[in-house]
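The values are calculated or read from the model by the stated rules, or taken from the named source; none is laboratory data. Note that the coordinates shown come from a computational prediction; the quantities given were computed from them, not determined experimentally. In this analysis, Cβ positions are derived from the backbone assuming ideal geometry, glycine residues included, and neighbour counts consider all displayed protein chains. Just the protein is used for accessible areas: all its heavy atoms, side chains included, with ligands, DNA and RNA removed. Shrake-Rupley method; radii C 1.70, N 1.55, O 1.52, S 1.80 Å.
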Number of protein chains: 2
Amino acid sequence: MITWKNLDTLDSFKELSQTAKVDVADVMKGEGGAERVKKYSVPMAAGLTYHYAAKAVDDQVLEALKKLAEEAQLTEKFQALYNGEVINTGEKRLVLHHMTRGQLGNKVEADGVDKRAFYVEQQEKIADFANKVHAGEITNAAGEKFTTVVQIGIGGSDLGPRAMYLALENWAKRNNKFKMEAKFISNVDPDDAAAVLASIDVAHSIFILVSKSGTTLETLTNESFVKDALKNAGLDASKHMIAVTSETSPLAKSDDYLAAFFMDDYIGGRYSSTSAVGGAVLSLAFGPDVFAQFLKGAGEEDALAKNEDIFQNPAMLDALIGVYERNVLGYPSTAVLPYSQGLSRFPAHLQQLDMESNGKSVNRFGEPVDYVTGPVIFGEPGTNGQHSFYQLLHQGTDIIPLQFIGFKNNQMGTDVVIQGSTSQQKLCANVAAQIVAFACGKEDENQNKNFKGGRPSSIIIGEQLTPEAMGALLAHFENKVMFQGFVWNLNSFDQEGVQLGKVLAKKVLAHETEGALKELSDLLNI
Amino acid sequence: MITWKNLDTLDSFKELSQTAKVDVADVMKGEGGAERVKKYSVPMAAGLTYHYAAKAVDDQVLEALKKLAEEAQLTEKFQALYNGEVINTGEKRLVLHHMTRGQLGNKVEADGVDKRAFYVEQQEKIADFANKVHAGEITNAAGEKFTTVVQIGIGGSDLGPRAMYLALENWAKRNNKFKMEAKFISNVDPDDAAAVLASIDVAHSIFILVSKSGTTLETLTNESFVKDALKNAGLDASKHMIAVTSETSPLAKSDDYLAAFFMDDYIGGRYSSTSAVGGAVLSLAFGPDVFAQFLKGAGEEDALAKNEDIFQNPAMLDALIGVYERNVLGYPSTAVLPYSQGLSRFPAHLQQLDMESNGKSVNRFGEPVDYVTGPVIFGEPGTNGQHSFYQLLHQGTDIIPLQFIGFKNNQMGTDVVIQGSTSQQKLCANVAAQIVAFACGKEDENQNKNFKGGRPSSIIIGEQLTPEAMGALLAHFENKVMFQGFVWNLNSFDQEGVQLGKVLAKKVLAHETEGALKELSDLLNI
């Protein structure tokens, strides 16, 4: 029997709050630090490992986190979710993104169909379509092969798929899996679409319109922008466009599209990279087998999230440590720092995933909560960040928990030896050095050169950023955010906070404004 | 007579802390809100205006901020800086980046030369070089014109110039000022250089090696990577490379470069976009006249920063409001939200500028301070962010102050009318709507759809993102950060916090590790 309770009503949270604080600088020094690195890790899927030696935890804190996981019924809640209960209570919807990559529990029927079968059917349709495009069986009107795919979407239809594309682009090129270049149009700023269109050969481009409802204003606007460009080039737009949408949307059965692939209301935008939203563009760019490997990595990571034992469940443990940092230690933000150029836009995706899911002040029953919830998430790839905002991370007045990601091998396979080491070795040496520098600090009589340390971090280490590793990474963070939402007693799957701006923007465009909004509209010449 | 005092020793700060708090939701409603929009603005250079109606200030708070500016001697400290006093006390250096765009005060001599004359001389040398490249007088060994310029640098040698290039690329294309495509290599991850090299025609590319000291390991490593690629293509690297460095660096008089242009120790990396660091790549990409317009905008904005009256000094006012939000209202981070696709990487530059300058815990005398200093800075372009992390900004448990930027006109000049409005109108309608939504909120009986409002923002509005406007924007934020550093009594111009990581990384590469660092190095296969 599941009960949904606020965090501050749980006995285990009170216990957690009272555990002795761990001095990261102290415990990470000397042989004790080495022991922690050996001991504090959890295997993930696709050869990844989650390491949390440099977090402000010890066996007592971990024991308290374990009790919190039990009292908050994290495993039971996840079971309820994947077995098809209405977890998105605000919108009265199931939450089924896991089912795009596997069947974790019971068969789930909705809209009169087996949902796992539905998602697999869409994957197969996409695979078939992509194969035909690659084989030159589906071509432009002149019978020529498409060379470029352009995704038109915003938010979850943009950030996730774009981050995944960038993560795998170089891997695909190196491994002869690269089929088509992908581009993305998202912003309603007309300069975005104009710049992308100027950079491609429209006659050999296929466009994917992605909108679940078929009514997203930015996306429909950019579609028109693209259709104008196709028309001006003397092309038939309907021979260059496909749609990813829900079966009930106006786009679903329109002659304006070569094909339509479906998602549904049970997959939120920010959780849609493993659905048709990511599937179409990634299958066209890299081939369906690469997309299948990506799903496999995600599915294996999901399976780990079922483990009741937090020491065998990296997402749950990561989530609990994050709650401890936020609600007991009081840290307001978290930096995501991937030491891999391929992950250049992964922090932007995680920023949406986390902040849109858990940036909320009311619990799942619509009652205000008395504790802080989702943190600010930001980040850039290392080593670039080291030459930028790391100054504040090391010596600023606030402590920012850090989430590092690193790989033993690069993607392209080319490297150079300078001063006795390869670039890849330098990259890895830097991330190892940063973890210890943040944790242990270094005393100096000159206070300006003094490092207090005590700045906690974790690191996910993998062999290489492959499609499977990318899938596992993505699922890890999705599940982490889900578990944190459970602990905070939030509905992590709606986003009412984005509505008011939309309503007011419509008023501005209809010139139905007064007061400050009218003055601002005038200043902006609307 | 200037005295450098900690913020918490100032009477005016105590007074500021005791002023009545302003309820943003309350004051921004109705006609009062309209009056605030009309009243609370300051003209900037290049046709920009700084609007702060939606900030948590009123005439009493502003009066207290004015007293704080006086007691903290912000104007006198800026005068001391541009007149050549040693403001970077840690490194015992002058701070002269303003002088790359004008002479704000006295003639400043250092290293035996008039520094303004030195910077102008470098600009002229760069202009001459760029003109010769564009005219085909400087070519590759085969006598063919260069078509691409690649900047090799990291941190300030990358983020600022890259953000400026992206900001002006489409403007230049539209206005027939586009001369050469620019690319950037920064990360020591070998995949970064490999991907850039795979995307260009090396035979027609000119590379700019940017390193003040000539010893930045990432940059030298990437230079070798590039030289290998040139060699493998049968090309003479010395005919394809120029250097931007200090006159005392090993790169300054090397035969390995076609030419060398100089910066000096008085310009910090994050303040170097208007020096040769930005000058070479931007003059090659867009022509020297575009770079000169960019400097003009920055110079005019600098001149405004001299005004003692905070109501005629947008950077100083912005700085003071930021201090009030940080030290009195207790907000730990700030989001930068440009409604312009061209500014896609401007938040990443500001993240470095702000967090590396003021993310410090000791004052300029090396004494720990008892108050918080620089905030976390993050951001993405609107409207993309609206479909991402705005959920937390609207309804999260923490309040995040917002810095909007918007323009009446786009850069490319192409647009489309959908549902009765252009994309540009939709873009502007959205930013106006967001400001009011954040400030005023909207009551709803369903707490999940309730918006408390009270979330403060400012907006800089301009006609169009031109080179002059970009220069003014850049200088505004540089000066804002400088003034905040003065208020917090920090040295904003050093970055000791980045040193420890470098030292430890060298130990890892030399295999001189023990404890946790050794274990982590083993895990990463170093």
Conditions (1) at pLDDT 95 or above; (2) open to solvent by 10 Å² or more (accessible area, probe 1.4 Å); (3) part of a loop (DSSP other than H, G, I, E, B) -> B:Lys518 fails only (3)
Considering region B:486-506, residues that are among the polar types (S, T, N, Q) and outside any helix (DSSP H, G or I), and then whichever is nearest to the other protein chains (Cβ to nearest Cβ), we arrive at B:Gln495
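Suppose we keep only residues that are more than 31 Å from the chain's Cα centre (by Cα) and crowded, with 17+ Cβ neighbours inside 10 Å within region A:448-457. Which one would you say is farthest from B:Phe365 (Cα to Cα)? Full working, then the answer.
Looking only at region A:448-457, we keep the residues that are more than 31 Å from the chain's Cα centre (by Cα), and these are A:448-452.
Among the residues that remain, those that are also crowded, with 17+ Cβ neighbours inside 10 Å are: A:448-451.
On the way: A:Asn448: 8, A:Lys449: 12, A:Asn450: 13, A:Phe451: 16 Å.
Here the answer is A:Phe451.
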Filtering region B:433-483 for residues that are in contact with a Gly (Cβ under 9 Å, 6 or more places away or on another chain), among the β-branched types (Val, Ile, Thr) and under 30 Å from A:Glu91 (Cα atoms) leaves a count of 1
Note on region A:395-408: residues at the interface with another protein chain (Cβ under 8 Å from one of its Cβ atoms) and open to solvent by less than 10 Å² (accessible area, probe 1.4 Å) are A:Gly396, A:Ile400, A:Gly406
Checked B:Lys38, B:Lys92, B:Lys107 against criteria (surrounded by fewer than 18 Cβ atoms within 10 Å (Cβ to Cβ), on the phi > 0 side of the Ramachandran plot, among the basic types (Lys, Arg) and without any contact (Cβ under 8 Å) to a residue 60 or more places away in the chain); the one match is B:Lys92
Over region A:124-142, the set of residues open to solvent by 50 Å² or more (accessible area, probe 1.4 Å) and either more than 12 Å from A:Ala203 (Cβ to Cβ) or free of Cβ contacts under 8 Å to residues at least 60 places away in the same chain (or both) is A:Glu124, A:Lys125, A:Asp128, A:Asn131, A:Lys132, A:Ala135, A:Glu137
Selection from region B:308-350 of residues farther than 25 Å from B:Gln464 by Cα and either of a type in the set (D, E, K, R) or more than 14 Å from chain A (Cβ to nearest Cβ) (or both) yields B:Glu308, B:Asp309, B:Ile310, B:Leu320, B:Ile321, B:Gly322, B:Tyr324, B:Glu325, B:Arg326, B:Val328
Looking across region B:409-420 at residues that are under 27 Å from B:Met44 (Cα atoms) and buried (at least 17 other Cβ atoms within 10 Å of the Cβ), the single one that is modelled with the lowest pLDDT is B:Met412
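On the basis of being more than 7 Å from chain B (Cβ to nearest Cβ), in a helix (DSSP H, G or I) and either without any contact (Cβ under 8 Å) to a residue 40 or more places away in the chain or farther than 25 Å from B:Lys29 by Cβ (or both), does A:His511 make the cut?
Details: more than 7 Å from chain B (Cβ to nearest Cβ): yes; in a helix (DSSP H, G or I): no; either without any contact (Cβ under 8 Å) to a residue 40 or more places away in the chain or farther than 25 Å from B:Lys29 by Cβ (or both): yes.
Judged against the criteria, A:His511 is not a match.
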Scanning region B:355-378 residue by residue, those crowded, with 24+ Cβ neighbours inside 10 Å and in contact (Cβ under 8 Å) with a residue 24 or more places away in the chain turn out to be B:Glu356, B:Ser357, B:Asn358, B:Gly359, B:Lys360, B:Thr373, B:Gly374, B:Pro375, B:Val376, B:Ile377, B:Phe378
Selection from region B:229-257 of residues open to solvent by 10 Å² or more (accessible area, probe 1.4 Å) and assigned to a helix (DSSP H, G or I) yields B:Ala229, B:Lys231, B:Asn232, B:Ala237, B:Ser238, B:Lys239
- Query: Just to be sure, is A:Ile267 in contact (Cβ under 8 Å) with a residue 60 or more places away in the chain, part of a loop (DSSP other than H, G, I, E, B) and closer than 30 Å to A:Leu473 by Cβ?
  - Reply: yes
Only one of (1) assigned to a helix (DSSP H, G or I); (2) touching a Ser or Thr at 6+ places or on another chain (Cβ under 7 Å); (3) crowded, with 23+ Cβ neighbours inside 10 Å does not apply to B:His476, and that is (2)
Selection from region A:411-441 of residues facing another protein chain (nearest Cβ under 7 Å), among the hydrophobic types (A, V, I, L, M, F, W, C) and more than 29 Å from the chain's Cα centre (by Cα) yields A:Val416, A:Ile418
